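Report on the following structure.
The values are calculated or read from the model by the stated rules, or taken from the named source; none is laboratory data. Remember, it's a predicted structure, so these values are computed and weren't measured experimentally. Neighbour counts run over all protein chains shown; Cβ positions are idealised from the backbone, glycine included.
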Amino acid sequence: MAATQIALDKSKGSAREAILEAAVRLFAQHGFAKTSLKAIAQEVDIRTPSLLYHFPSKQALETAAIESLNNSWQNILPQILSEAKNPGERFDRTLGVCIEFFQEEPTRAQLFVRALLDKPDELKEIIKRDLQPWLKFIAKYIRRGQEEEIIHSDLDPEAYTMSVTILILSTFALGQVRSAFIDSGNAEMLAKNELIRFARTALFRPNRMENNHG
């Protein structure tokens, strides 16, 4: 492939990624119905026809914006779970990456919540296709910990994973009003620490995580 063609392909990829980032941000802030393609195009300093070159319709862009969040886990999650040496490390690394992902850009969590409310059927299908295999992958490691008597035996792996996912999403989606619940200048850190504590306590049997952490 010629050097000019490589540069062109990279440029196309960068434009598409910029459009998706802007779409995630604006859809999360204003909702799907109230966000126009023109507004997204202006956000990335291109014309609407140029946006339509990458995404042929608003519906296609909405779907791609949601899918772009799910695709972030395609390689990260299996690598973390396979490389971690013990259940404690798997827990810390997996939860840490999830929190960092939404903490880095809170509108990602807000978009998921928007989609849950505005497009439940579409989001359900995307979750089934893109996320459910990885949720089952996590559940497999949870069951292994139950067999090793490290994790609570009465815990349902799928329900636990779903509950923690929803807890993470709501914690970061409500970031702008967090101070209304927590009267502290360090509300974000307090909320994050409690999220981790809840998730850890619900998962591990007392004193067993420490014994399998190092």
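Could you identify the single residue in L117, L123 that is touching a residue at least 24 places away in the same chain (Cβ under 8 Å), among the hydrophobic types (A, V, I, L, M, F, W, C), closer than 30 Å to Q59 by Cβ and not assigned by TED's automatic domain parsing to the domain that holds L26?
Going through L117, L123 in turn, just one is touching a residue at least 24 places away in the same chain (Cβ under 8 Å), among the hydrophobic types (A, V, I, L, M, F, W, C), closer than 30 Å to Q59 by Cβ and not assigned by TED's automatic domain parsing to the domain that holds L26: L123.
Just a yes or no: is a residue in region 98-112 out of contact with any strand residue (DSSP E or B) (no Cβ under 8 Å at 6 or more places or on another chain), farther than 25 Å from R200 by Cα and surrounded by fewer than 16 Cβ atoms within 10 Å (Cβ to Cβ)? No, the conditions are met nowhere in region 98-112.
Restricting the search to region 62-109, which residues are part of a helix (DSSP H, G or I), without any contact (Cβ under 8 Å) to a residue 12 or more places away in the chain and farther than 14 Å from I138 by Cα? Answer for region 62-109, where residues must be part of a helix (DSSP H, G or I), without any contact (Cβ under 8 Å) to a residue 12 or more places away in the chain and farther than 14 Å from I138 by Cα: G96, E100, E104. Looking across region 154-164, just one residue is in contact (Cβ under 8 Å) with a residue 24 or more places away in the chain and either in a loop (DSSP other than H, G, I, E, B) or under 15 Å from Q103 (Cα atoms) (or both), and that is L155. Out of the residues in region 70-79 meeting the condition of being surrounded by 15 or more Cβ atoms within 10 Å (Cβ to Cβ) and in contact with an Asp or Glu (Cβ under 9 Å, 6 or more places away or on another chain), tell me which one is modelled with the lowest pLDDT. Among those residues, the one meeting the criterion is W73. The sole residue among A39, A28 that is at pLDDT 95 or above, of a type in the set (A, V, I, L, M) and in contact with a Leu (Cβ under 9 Å, 6 or more places away or on another chain) is A39. Does any residue of region 31-50 turn out to be in contact (Cβ under 8 Å) with a residue 60 or more places away in the chain, under 14 Å from E62 (Cα atoms) and in a helix (DSSP H, G or I)? Within region 31-50 (the criterion being in contact (Cβ under 8 Å) with a residue 60 or more places away in the chain, under 14 Å from E62 (Cα atoms) and in a helix (DSSP H, G or I)), the answer is no, since none of the residues qualifies.
Residues are listed down the side, and each one gets a yes or a no for (1) within 27 Å of V24 (Cα to Cα); (2) surrounded by 14 or more Cβ atoms within 10 Å (Cβ to Cβ):
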{"residue": "G145", "(1), (2)": "no, yes"}
{"residue": "I151", "(1), (2)": "no, yes"}
{"residue": "G185", "(1), (2)": "no, no"}
{"residue": "N193", "(1), (2)": "yes, no"}
